[in-house]
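**Q** Questions regarding the structure given below will be posed in turn.
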Amino acid sequence: MARILLRFPESIVDQPIISQVISEYNISLNILAARVNSQGGEILVEIPPEDVKRAVKLFRDRGITVAFPKLIEVDREKCLHCGACYSLCPAGAITINKEDFSVIFDYEKCIGSSCAACVDACPVRAITLSRELGLLERENEDKKINQEKVQS
Amino acid sequence: MNKRTIEEINEKIRKGDVQVLTAEEMKKLVESSGVEVAFKEVDVVTTGTFGAMCSSGAVINLGHSDPPIKIQHAWINDVPVCHPGAAVDLYIGATMMSETRPFEYGGGHVIEDLISGKEVELRATSYGTDCYPRTRLRTILTKHDLNQFYLVNFRNCYQRYVCATNSRDETIYTYMGKLLPNFGNATFSGAGELNPLMNDPDYETIGVGTRIFLGGAQGYVIGEGTQHDPKNLSGTIMVRGDCKKMDPRFIRGAAFTRYGTTLYVGIGIPIPILNIGLAKKTAIRDEDIKVPIVDYGVPVRDRPKLGWVSYKELKSGTITIKGKKVKVSPLSSLKVAKEIAETLKRWIEEGLFYLTAPVERLPTDTEYKPMKQTEETVLVRSVVHHAVTCREDESIKDVAKRIINQSVNHVVVVDEQEKLLGIVTSWDITKAVAEGKNKLNEIITRKVITTTLDEPVEVASRKMAQHQISALPVIDNDRRVLGIVTSEDIAKLLGRQRNG
């Protein structure tokens, strides 16, 4: 499953866009995290990989900003491989290799700032939220990433 | 052959034909070929651990300033450092926290920064004497500017440690890491079968003067550690090593959120296989090393044990607590522990590290006593008083009257059996009136923070401060309300204690 972050501007927050996309275009969509109020909103969803291109276009045509978020950053140089983070991850994004006990992050499974349980548990502060839900000022940066992603 | 000596082993190191295995390799060899073969073939077994060791720190000597100062208070990078000696000797305690960045940067980080070659800022003050007239000092230093820079850790390398979990309905932050509510996860520390002291549990070879791997350099055991408790398989050691030669990969400052700062220390100890008994002891497996699962949700000295678990289960990543599968985090880095055992093995094979015989054995019968307390711990039962209660179907007006008549701020909502349902405060009533609400049901707080008769007042008062509330219903095991304790009661108690 691919994860995309949908950002709704204030002007369209009252429209049932997600349900339209689901029902009219038959795209199955799993909502992982949502933060919506009258000023706008952000929703993190999972989509089957084959539907990504189609869904992104449908959302963009309706005025939604779409981002492919890398939700956490892990500083490999700092990481001690202590595994303090491992038991806190509800998404199964952190595993420990049974052979050499290195700690492995699966960025695609991470659900980011809606969880962030691992961030303050890291004793060497190697984990940071890279693109928090709610940080709309990063939108421009996202746009660049989106273009790269969709084109590739 | 039925024994071997340290001298013989060192001779083999000199000749380059010493046989060294890591503890993990030794266990496999004993399993496949038996103890006797292992004893014949192996001269040394190397161990390793890399974990948070709070009772660590470094002694530094600054040399004298001109005019000289007899330092009374000092800070490095805003971390208070103790002044235990004469004029310019300081001790950087791993858990001392920065006054500007508490809980994020501390003594452990200062030690790491210095070892990494970074510059640090030292500030000091003093009262001035005839021989040391200076009263203030500020300077920038690196490790090269220090005369001595030695790690002197008074409790390291626990033989084994407990597995921690949390029964409370809220996340807690402890020195055993972040523990999720309702046994949502667990943590453990130590490297199990790789742990140095677990491979020589009778302290036959580890003693005063034993040369060890410490923070990437060669260091020494200088005695048993504080709280050394070998009878309960919880031995510890005191160690010393030259920080100037250490490698920051094996010695790292760390911060445990809402607990404080510490130091991750890498220790590896070579166990000379002097007799067949040691071959057998170094073959100990993770499944044979059991530790209790301890509930850190209960803030008392003797925390409740919920069962026992082996390091094998702990390293599998999942354990069972109260019938539920939960993920368990190692807090020590097992990856780096293995690297330490392998590095030490290589050092010995390459003739870079020679073994030493202890000049004195470590005690094996030490008692680890709890603190003698001359002041009694005050329990909630000595401050509890009668709770004003109501039923959930009463009107807001009736409850408001009760608040006025009884002159209280909190009314506890109970059912027919006096069991706790919720709480209503005078503020809730005021708000309800302002918002035109009539039903008590709408304003009851259902998730109530509570206490018990036998909880220390200290703990109850921390609960109130943490949740920014001013009263706790006191309940029994069946959630029946026995009374209430308020911040006012505690303030009065403190007042009495100060006057008395």
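FYI, it's all coordinate maths here, none of it is from the lab. Note that the coordinates shown come from a computational prediction; the quantities given were computed from them, not determined experimentally. Because the Cβ atoms are built from the backbone with ideal geometry, glycine has one as well, and the counts that use them run over all protein chains shown.
**Q** Would the stretch A:72-129 count as rounded, prolate or oblate if I go by the C-alpha gyration tensor, calling it rounded below 1.5 in a/c and otherwise prolate when a/b exceeds b/c, oblate otherwise?
**A** Numbers: a/c = 1.66, a/b = 1.21, b/c = 1.37.
Oblate, because a/c is 1.5 or more while a/b does not exceed b/c.
**Q** Moving on to the next point. If amide H atoms are built 1.01 Å from N in the plane of the peptide, which residues on other chains or at least 5 residues away come under 5 Å of the amide H of B:Gln19?
**A** Amide H neighbours of B:Gln19, under 5 Å, 5+ apart: B:Asp43, B:Val44.
**Q** Assuming a viscosity of 1.002 mPa s and a temperature of 20 °C, what translational diffusion coefficient in µm² per second does Stokes-Einstein assign to the stretch B:63-146, Rh being the Kirkwood radius over Cα pairs?
**A** Numbers: Rh = 13.0 Å.
The calculation lands on 165 µm²/s.
**Q** Follow-up question, since we're still on this one. Which value, in debye to the nearest 20, describes the size of the charge dipole of the protein assembly as shown about its Cα centre when Lys and Arg Cβ atoms bear +1, Asp and Glu Cβ atoms bear -1, and nothing else is charged? Mind showing how you got there, number by number?
**A** On the way: 85 positive and 85 negative charges, 78 e Å.
Using only the charged Cβ atoms, the result is roughly 380 debye.
**Q** Continuing with this model, one more query. What average number of partner chain Cβ atoms lie no more than 10 Å from the Cβ of the residues making up B:175-186?
**A** Numbers: counts 0, 1, 9, 9, 3, 5, 0, 0, 0, 4, 7, 1.
The mean count of partner-chain Cβ atoms within 10 Å per residue comes to 3.
**Q** Taking only the alpha carbons of the protein assembly as shown, what extent do you get along each of the three principal axes, in Å, biggest first?
**A** Sorted largest first, the three principal extents are 89, 77, 61 Å.
**Q** Let me ask something else. Looking only at other chains, what is the average number of their beta-carbon atoms within 10 angstrom of each beta-carbon in A:75-85? Mind dumping the intermediate values first?
**A** On the way: counts 0, 0, 0, 1, 2, 12, 9, 17, 14, 12, 3.
That works out to 6 on average.
**Q** On the Cα set of the stretch A:1-99, report Rg and Dmax in Å, please.
**A** My reading of the Cα-based Rg and Dmax gives 16.8, 53 Å.
**Q** Residue by residue, what Karplus-based ³J(HN,Hα) values in Hz, rounded to whole numbers, does the stretch A:102-114 have, using 6.51, -1.76 and 1.60 with θ = phi - 60° and x for Gly and Pro?
**A** Couplings: 7, 8, 10, 9, 9, 5, 6, 8, 4, 9, x, 6, 6 Hz.
**Q** If amide H atoms are built 1.01 Å from N in the plane of the peptide, which residues on other chains or at least 5 residues away come under 5 Å of the amide H of B:Val79?
**A** HN-HN under 5 Å from B:Val79: B:Glu99.
**Q** State the number of lysine pairs found in chain A whose Cα atoms come within less than 19 Å, restricting to pairs 8 or more positions apart or on distinct chains.
**A** Close lysine pairs under the 19 Å cut-off: 13.
**Q** Taking amide H atoms as placed 1.01 Å from N in the peptide plane, list the residues 5 or more away in sequence, or in a different chain, whose amide H sits under 5 Å from that of B:Lys178.
**A** It is none; the list stays empty.
**Q** Okay, next question. GNM on chain A, C-alpha springs below 10 Å: top fluctuator among A:Gly41, A:Gly63, A:Gly112?
**A** For chain A, modelled as a Gaussian network with Cα springs under 10 Å, the answer is A:Gly63.
**Q** Of all DSSP beta bridges located in the stretch B:63-146, what percent are antiparallel, nearest 5?
**A** Working: 15 of 16 bridges.
In the stretch B:63-146, approximately 95 percent of DSSP beta bridges are antiparallel ones.
**Q** At R0 = 45 Å, how high is the FRET efficiency between B:Lys244 and B:Lys324 if r is their beta carbon distance? Nearest 0.05 is fine. Numbers along the way, then the final one.
**A** Numbers: r = 49 Å, r/R0 = 1.09.
Result of the calculation: an efficiency of 0.35.
**Q** May I ask you to list the residues of the stretch B:370-411 whose amide nitrogen lies under 19 Å from a point 7 Å from Cα along the Cα→beta-carbon direction of B:Thr430?
**A** B:396-411
**Q** Same structure again: When the helix-only estimate is applied to chain B (DSSP H runs of n ≥ 4, each -39,500 (n - 2.57), divided by the residue count), what is the mean residue ellipticity at 222 nm, nearest 500 deg cm²/dmol? If you can, show how the numbers build up before the last one.
**A** Working: 11 runs with 110 residues, N = 500.
Helices in chain B give a 222 nm mean residue ellipticity of -6500 deg cm²/dmol.
**Q** Next question, about the same structure. What Kirkwood radius, in Å to one decimal, follows from the Cα pairs of the stretch B:380-499? Numbers along the way, then the final one.
**A** Details: mean 1/r = 0.0680 Å⁻¹.
Result for the stretch B:380-499, one decimal place: 14.7 Å.
**Q** Where does helix A:52-61 land angle-wise versus the long Cα axis of chain A, in degrees 0 to 90, nearest 10?
**A** Tilt relative to chain A: about 50 degrees.
**Q** With just the Cα atoms of the stretch B:1-113, tell me how far they stretch along each of the three principal axes, in Å, largest first.
**A** Extents along the principal axes: 64, 32, 20 Å.
**Q** Now a separate question. Report, for chain B, the % of DSSP beta bridges that are antiparallel, rounded to 5. Walk me through the numbers before you get to the answer.
**A** Numbers: 86 of 99 bridges.
Of all bridge pairs located within chain B, approximately 85 percent are antiparallel.
**Q** Let me know the charge dipole size of chain B about its Cα centre in debye, to the nearest 20, where only the beta-carbon of Lys, Arg (+1) and Asp, Glu (-1) is charged.
**A** Computed about the Cα centre, the dipole is about 640 debye.
**Q** Give a residue-ordered list of calculated ³J(HN,Hα) values for the stretch A:32-40 (Karplus: 6.51 cos²θ - 1.76 cosθ + 1.60, θ = phi - 60°; whole Hz; x for Gly, Pro).
**A** 9, 7, 8, 9, 9, 9, 5, 8, x
**Q** Restricting to the protein assembly as shown, compute how many DSSP beta bridges are antiparallel as a %, nearest 5. Each step should come with its number before you reach the end.
**A** Numbers: 109 of 122 bridges.
Beta bridges within the protein assembly as shown, antiparallel portion: roughly 90 percent.
**Q** Separate question: So if each residue of separation counts as 0.36 nm, and I subtract the Cα-Cα distance between B:Arg285 and B:Arg496, what length gain in nm does that give?
**A** Numbers: separation 211, 0.36 × 211 = 75.96 nm, distance 5.56 nm.
The span from B:Arg285 to B:Arg496 would gain 70.4 nm if fully extended.
**Q** Shape verdict for chain B, please, from the Cα gyration tensor: rounded (a/c under 1.5), prolate (a/b greater than b/c) or oblate. If you can, show how the numbers build up before the last one.
**A** Working: a/c = 2.89, a/b = 1.63, b/c = 1.77.
Since a/c reaches 1.5 but b/c is at least a/b, the shape of chain B is classed as oblate.
**Q** At 7 Å along the Cα-to-beta-carbon direction for both A:Glu24 and B:Glu442, put a label point, then send me their distance in nm to one decimal.
**A** 3.9 nm
**Q** To continue, here is another question. When the Karplus curve 6.51 cos²θ - 1.76 cosθ + 1.60 is applied with θ = phi - 60°, which whole-Hz ³J(HN,Hα) does each residue of the stretch A:84-101 get, with x for Gly and Pro?
**A** 4, 6, 3, 6, 8, 7, x, 9, x, 7, 10, 10, 10, 5, 6, 7, 10, 6
**Q** Among A:88-98, B:220-230, how do they line up by average Cβ neighbours within 10 Å per residue, starting with the highest? Mind showing how you got there, number by number?
**A** Working: A:88-98: 17.5, B:220-230: 19.7.
The packing order, highest mean first, is B:220-230, A:88-98.
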